[in-house]
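For reference, the structure discussed in these notes is given below.
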Amino acid sequence: MLNAFALAGVALVIGAMLPAQAQTALPPISSVGHGSILGANGKDVAPTRALILASQKYYIDRLLSQLPGDRQTQLLGQRARMSSGRAVVEEDEVYANSIFIEKLISVAKPADALAMDSINSVIVNQYAKMVRPPGSVAAVSGIALAPSAIMQAAVDSEGLKKKQQDSEGLSGQAYIDACAAAGVPVPPPWGDKRWKSNGRLQTKFILETEVAEVFWYGSKSPVGVCIALPRWKENDKKNVNVGALGIICQGNTTGTSCYWDNMKKKKPVDIPIVLPKDATVPLTTFGGGDDLIGGNGICTDCHAGENTFIVHPDSALDLGPILRPTKWVRPIVPKAWNQNPGPSSALDKIVLKEGEKSCLRCHNEKDRNRFPTLSLATLKYCTTILPQAVEHTMPPTDDDAPPSPRVPFDGTLRLKSPAYKTHVDALLATCQDTGATAEQMAQIVKYLENKWENPTQALQ
Ligand code: HEC
Ligand code: HEC
């Protein structure tokens, strides 16, 4: 797909070697939102490849014009090196431009940086849709650009890796577009038959008294998976209404993840939407991105680690290798949330004694199953996920002890396998060491007390 735009790209770079002039022209794309693109006159326009390239050129020129001449020259040098010495296909050009625009936004810090960021990701996503075969799932849902290895290498060698994304300012369609542009699969509407049931969940760490059924949607392009977990009250006589319905999608190649929840985006209070079980619901109806602030919990407080899912091995949630990304997962979530910065080092220096066993036997890099960094940002992982895991699901293999008996909490964890005590203690100590106040840490104890004082709340 070599074409005139590749040349136009080169011309653009060379033309702009001279310090850019302050710009007065209107942007070819003035704003984006709810799936539509508005042109310079504020009216809907059909995206075309030419319009997208023209918009990229507009933003590059505009951002450069805000910088001193020597900085412009230096940045243009970077951009030129990404494409130099070879013919560049259009998709690579669009990709390099979008990365360059991100860089320029971060350097020039324009007042409308957020809006520009969002236009930048939406138009790239539109471009990706256009170049995929019409009618293909990839074209319908919109997927990230697929730069060639040589362009990716050129971008990497300029130190211009895609920036850490969060969802700041994004919700609705703009959040979906940003997720797609970051390589996260976009699922079909809830209720669509492409969502496959994998059966009900028996082991539940939260909302134990409700029924939870696992639905999943596998995506080949981009490679990844979405899981939806509707939960409803068993004693709901009509048994028709779903109370909670979270959706999480993970892009396995890019290592990115996105989150949606059935909540009404109503200020000042968010009210959960009760859905008829057989309803078809577009993704835009769900809360996503910054909508989730103040909603039903901080998803990444619990959903943290090498992959974003919380998987009880051998349960309906255990979809196998498709859950494993090839890169540590960075969530696209509100800025204030846990950004899942990287693997925990809590167990690195622990020396085990004879007979003691290691959680790292499975939670290691090779198995793509490392623990998250434990901090205040993962307090819920510390209080909700970890204690229940070591009592009931971890380690999962049969050569270890059976699950501990369900007895009221008396201040000690009943490990499924006591041989792992040293590692468990070290993990919990890390939770404690990260600056949690005594009050915050008391949540662990309080949580367990509440849980075990009421035996009917025990796991099934
Ligand atoms: C307090 C911890 C906690 C928080 C906060 C949380 N979850 Fe979960 N979530 C869980 C647990 C635990 C499971 C596994 C099922 C179970 O044990 O109940 C789960 C499972 C899921 C699943 C099924 C796939 C998987 O990872 O197992 C989805 C989808 C999901 N949650 C979405 C969300 C969304 C969206 C949010 C934020 C709005 C969220 N969750 C917040 C604890 C949490
Ligand atoms: C024999 C292998 C193995 C060992 C040993 C093991 N785990 Fe796991 N663990 C797994 C697998 C597999 C999963 C599912 C992970 C996935 O697919 O995302 C898991 C999931 C988890 C989860 C997510 C929540 C859950 O239970 O579903 C936690 C927390 C966890 N392990 C903690 C531990 C701790 C702490 C230890 C040491 C006490 C440990 N594991 C030992 C294999 C193991």
Screening ARG368, ARG361 for residues that are over 22 Å from PRO418 (Cβ atoms), at pLDDT 90 or above and within 9 Å of ligand 2 (Cβ to nearest atom) leaves only ARG368
Filter the stretch 130-181 for residues that are among the aliphatic types (A, V, I, L, M), more than 30 Å from ARG81 (Cβ to Cβ) and in contact with a strand residue (DSSP E or B) (Cβ under 9 Å, 6 or more places away or on another chain); the one that is modelled with the highest pLDDT is ILE176
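Would you check if LEU379 is over 30 Å from GLY169 (Cβ atoms), within 14 Å of ligand 1 (Cβ to nearest atom) and under 25 Å from the mean Cα position of the chain (by Cα)?
no
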Per the list (1) surrounded by fewer than 16 Cβ atoms within 10 Å (Cβ to Cβ); (2) β-branched (Val, Ile, Thr); (3) modelled with pLDDT of 90 or more, residue check on VAL333 breaks on (1)
With the first residue restricted to the stretch 305-319 and required to be under 15 Å from ARG330 (Cβ atoms), and the second required to be within 6 Å of ligand 1 (Cβ to nearest atom), Cβ contacts under 8 Å at 6 or more apart or on different chains are THR308/ILE248; PHE309/ILE227; PHE309/ILE248; PHE309/HIS303; PHE309/LEU317
Exactly one of PRO325, PRO396, PRO321 is surrounded by fewer than 20 Cβ atoms within 10 Å (Cβ to Cβ), assigned by TED's automatic domain parsing to the domain that holds GLY251 and within 14 Å of ligand 2 (Cβ to nearest atom), and that one is PRO321
Considering the stretch 291-312, residues that are outside any helix (DSSP H, G or I) and among the β-branched types (Val, Ile, Thr), and then whichever is farthest from ligand 1 (Cβ to nearest atom), we arrive at ILE293
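The values are calculated or read from the model by the stated rules, or taken from the named source; none is laboratory data. Quick caveat, the model's predicted, so the values are computed rather than measured. Methodologically, a virtual Cβ is constructed for each residue, glycine included, from the backbone with ideal geometry; neighbour enumeration extends over all protein chains shown.
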